[in-house]
Amino acid sequence: MIHLSVMLEEALHHLAIKQDGVYIDGTFGRGGHSQRILESLGENGRLLAFDRDITAIECETARKLLKDPRFQLVHAPFSEMEKVVNELNLNGKIDGVLLDLGVSSPQIDDETRGFSFMNNGALDMRMDCSRGLSAAEWIAQVDEKTLTHVLFDFGEERFARRIANAIVTTRETQPIETTHQLAKLIENTIPFREKHKHPATRSFQAIRIAVNNELDELTMVLEQSIKLLNFQGRLVVISFHSLEDRIVKRFMRNESGVKRNVGKLPIKEVDIEKGVLNVLSKAIKPSADEIARNARSRSAVLRVAERV
């Protein structure tokens, strides 16, 4: 399947790209956003991109863009953004950070990656296959209580306890190593199906988030972005499920306006900590035309804030 960058025009519009600006694409993917950012930059502009997936780093678009001296691509999770930016002496000089969260279409469609139950493959789910436990390895060693919490908190799965117990019971007699094996186990465990949703959807999301530490990674990069952005630099985030969007929304809200929880009374002007972000719009959803072209965009939410 051809990879279509979600909310491409909206992201470019809200980054408000300056010809000589310095920008970061925190999730290179297959380079759709990066390519358009470079096209909008002048000869003195600069783009730094990150991706933890080596297949993204080695894709055809990456090889093409790396011929451009204005572009640099780093194989690392975006939680290492501050470290890399400091090494490049760009701290506080970034004019925009774009984060396109979640899993890309090429990752989902590649059965060897184990992200989807639609095709049978090894139960991996790692965005960076060079480090950490695969989903199969994680499932083999996680305790039932932790697994229950992961399924409930990260997947909002109402049958989390029942599924966790079934997984732990099954692994005592046989390892759970493939996507179809896990999906079938969950399907046989849940008492009824949601309309238009596979029974394993929520559990696969939850396990993927846990294996890749996605929510902690997101929290870290959001906190780092404040230090990296220049005055009036833009933070643009595209999320794909409510857990991500809730973190982004809360972060932008907490870092905007006036923080009055100063811990002592009476409150004096000197003690009031003022926020460093200005939220520029409410949640932005993809257009009906985009959803018609790319059904996977339907759950996307874009939020944007500016450094003040």
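The values are calculated or read from the model by the stated rules, or taken from the named source; none is laboratory data. In this text, all values refer to a predicted model and were calculated from it rather than measured experimentally. Note that each Cβ is placed from the backbone with ideal geometry, even for glycine, and that neighbours are counted across all protein chains shown.
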Residues satisfying the stated conditions in the stretch 87-121, i.e. assigned to a loop (DSSP other than H, G, I, E, B), over 19 Å from Arg234 (Cα atoms) and aliphatic (A, V, I, L, M): Leu88, Val103, Met118
Selection status of Glu9, surrounded by fewer than 19 Cβ atoms within 10 Å (Cβ to Cβ) and free of Cβ contacts under 8 Å to residues at least 12 places away in the same chain: yes
Filter the stretch 217-262 for residues that are free of Cβ contacts under 8 Å to residues at least 12 places away in the same chain and within 11 Å of the chain's Cα centre (by Cα) and give the result. none
Counting only residues that are among the hydroxyl-bearing types (Ser, Thr, Tyr) and without any contact (Cβ under 8 Å) to a residue 60 or more places away in the chain, which one in the stretch 132-160 is nearest to Asn188 (Cα to Cα)? Thr148
Scan the stretch 214-237 for residues that are in contact with a Gly (Cβ under 8 Å, 6 or more places away or on another chain) and either closer than 20 Å to Asp51 by Cβ or surrounded by 19 or more Cβ atoms within 10 Å (Cβ to Cβ) (or both) and jot them down. Val221, Leu228, Leu229, Gly233, Arg234, Leu235, Val236
Every residue in the stretch 17-28 that is out of contact with any Lys or Arg (no Cβ under 6 Å at 6 or more places or on another chain) and either surrounded by fewer than 24 Cβ atoms within 10 Å (Cβ to Cβ) or in a loop (DSSP other than H, G, I, E, B) (or both), please. Ile17, Lys18, Gln19, Asp20, Gly21, Gly26, Thr27, Phe28
Hey, could you check the stretch 38-86 for residues that are under 19 Å from the mean Cα position of the chain (by Cα) and of a type in the set (Phe, Trp, Tyr) and say which is surrounded by the most Cβ atoms within 10 Å (Cβ to Cβ)? Phe78
Return yes when Thr178 is in contact with a strand residue (DSSP E or B) (Cβ under 8 Å, 6 or more places away or on another chain) and hydroxyl-bearing (Ser, Thr, Tyr) and no when it is not. yes
Given the conditions (1) buried (at least 16 other Cβ atoms within 10 Å of the Cβ); (2) modelled with pLDDT under 95; (3) touching a strand residue (DSSP E or B) at 6+ places or on another chain (Cβ under 7 Å), every one holds for Thr112 apart from (1)
Residue count for the stretch 161-200, restricted to those that are free of Cβ contacts under 8 Å to residues at least 24 places away in the same chain and either under 19 Å from Ser134 (Cα atoms) or more than 24 Å from the chain's Cα centre (by Cα) (or both): 19
